[in-house]
Every structure is written in C-alpha cells, then in structure tokens.
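Here's the structure, in structure tokens; my notes come after.
The values are calculated or read from the model by the stated rules, or taken from the named source; none is laboratory data. As the structure is a prediction and not an experimental result, all values here were calculated from the model. Positions of Cβ are generated from backbone atoms using ideal geometry, with glycine treated the same way; all protein chains shown enter the neighbour counts. Surface areas here come from the heavy atoms of the whole protein model, side chains and all, with no ligands, DNA or RNA. Shrake-Rupley method; radii C 1.70, N 1.55, O 1.52, S 1.80 Å.
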Amino acid sequence: MSNLTMPNWLYRYRRYEFWPVYLFYFPFFFYWLYLGIKAWDLGFLFKINPGMKFGGAIGHDKYEALSWISPRFRPSTILIEKSSSFEELKKRLISEKLEFPMIAKPNHGERGKGVEKLTSLAQLENYKAQSKSDFLIQPFVKGYLEFGIFYYRCPYSSTGQITSIVQKGF
C-alpha cells in the first residue's frame, strides 16, 4: 500500500516521528537510567552538546541555533514573542518582506510539533492566537528534497564524522 492511498492514522502509526513524545522516548528512559547509573551522573545526557541549553536534548532554542549558521545558508527568520500584538507581527512581515506561503513553528520544540504552513493572514492570526509560546516565521521554501544529517565530533578531536544522511518525506 503506497503512502498516497494509506489512511492518515495508519501512516502516522507506522512512522515513529509522528508518535507522541512520551511514547517515542519511553524505551530510551530505561537506557538513559542505566547509563546514568553506570557513569554516576544522571545529568550526563545534558552535557552532550555543551553549546546548547540541556545539551540540545530538550527544549533547544531554534532561533539561537539558526544564528550559528551563515545567513547565506539559512532562510530569513522572524522571532515572534508571545506577548507581541498581531499588528506588530504584520509590521514585521512587511519590514522583513516576508510573503505567503510561510512556515510557523515554535521556537522551543521538537519532532515537528506545531509546525504549520500558512497561506493567509487569517491563518497566521489563528496560529498566533493558538500559540502558547514564542514562535518563528520563515518563508516556505518549495523543494522536493529535505535531508537530516547526523554529525558528531568528540570534544578533543579536530574533525567530526557524518554517520547518517536521511531523506525526509512528508
């Protein structure tokens, strides 16, 4: 059965990236506990990436992470604070020359939760009203390919390694 004819609930069930966070990480909890006891440090996981709050394991700041990438290689991004008004948001869109369609996503989040493609001011206003935290607005980049790259570098090594490249499909 192809993804085009598969019911949405079955597709989401088969693809772990759509599972609820608690279900996805449940088996990992026991492994984390085992490794933490073995290392005598239950906080070891949060030291994985010292440049990010909590090692990037949870709740990392996407806007800050984007600032580490050269502007040549990242889409223009606006950080919208929850406390800002919709009128302020519209002025920022004009000053940044952002047009629809656009992508809105929580500044802190993971696994695609809260990411939406918006095609109108009404949808943007609804997204802002529904949002419980600061969020990002980026232009929608039409393309056929998206990849996830897993890269790591040991702390005292001058070079790192790419261990996997995965094409994402939606």
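Using only helices, what value at 222 nm comes out for the chain when you add -39,500 (n - 2.57) per DSSP H run of length 4 or more and divide by the total residues, to the nearest 500 deg cm²/dmol?
-9500 deg cm²/dmol
Return P(r) of the stretch 22-86 (all Cα-Cα pairs; 10 Å bins starting at 0; whole %; ordered from short to long distances).
For the stretch 22-86, the pair-distance distribution reads 17, 32, 27, 19, 4, 0.
Multiply the residue separation of L35 and T163 by 0.36 nm, subtract the distance between their alpha-carbon atoms, and state the gained length in nm to one decimal.
Contour length minus Cα-Cα distance gives 43.9 nm.
Just the Cα atoms of the chain: what Rg and Dmax do they give in Å?
18.9, 54
Using the beta-carbon distance between F26 and S133 and R0 = 22 Å, what value does 1/(1 + (r/R0)^6) give for FRET efficiency, to the nearest 0.05? Numbers along the way, then the final one.
Details: r = 25 Å, r/R0 = 1.12.
Result of the calculation: an efficiency of 0.35.
Which shape class, rounded, prolate or oblate, goes with the stretch 50-94 when its Cα gyration tensor gives a ≥ b ≥ c as root eigenvalues, a/c under 1.5 marks rounded, and past that a/b bigger than b/c marks prolate?
Judged from the Cα gyration tensor, the stretch 50-94 comes out oblate (a/c at least 1.5, b/c at or above a/b).
Can you list the GluC sites (Glu not before Pro) in the stretch 43-140 that are in a DSSP coil and have 10 or fewer other beta carbons within 10 angstrom?
E99
Express in whole angstrom the spacing between the alpha-carbon centres of the stretch 62-94 and the stretch 105-170.
When both Cα centres are located, 13 Å separates them.
How much length, in nm to one decimal, is gained on full extension between F44 and S83, taken as 0.36 nm per residue of separation minus their Cα-Cα distance?
Residue separation times 0.36 nm, minus the Cα-Cα distance, leaves 10.6 nm.
Suppose R0 equals 41 Å. What FRET efficiency, 1/(1 + (r/R0)^6) with r the Cβ-Cβ distance, do S70 and A122 give to the nearest 0.05?
0.75
Report S95's accessible area, 1.4 Å probe, all protein chains in place, as a number in Å² to the nearest 10.
The value for S95 is about 80 Å².
Which of the residue pairs K62/K91; K47/K142; K47/K113 have a Cα-Cα distance greater than 26 Å in the structure shown?
Correct reply: K47/K142.
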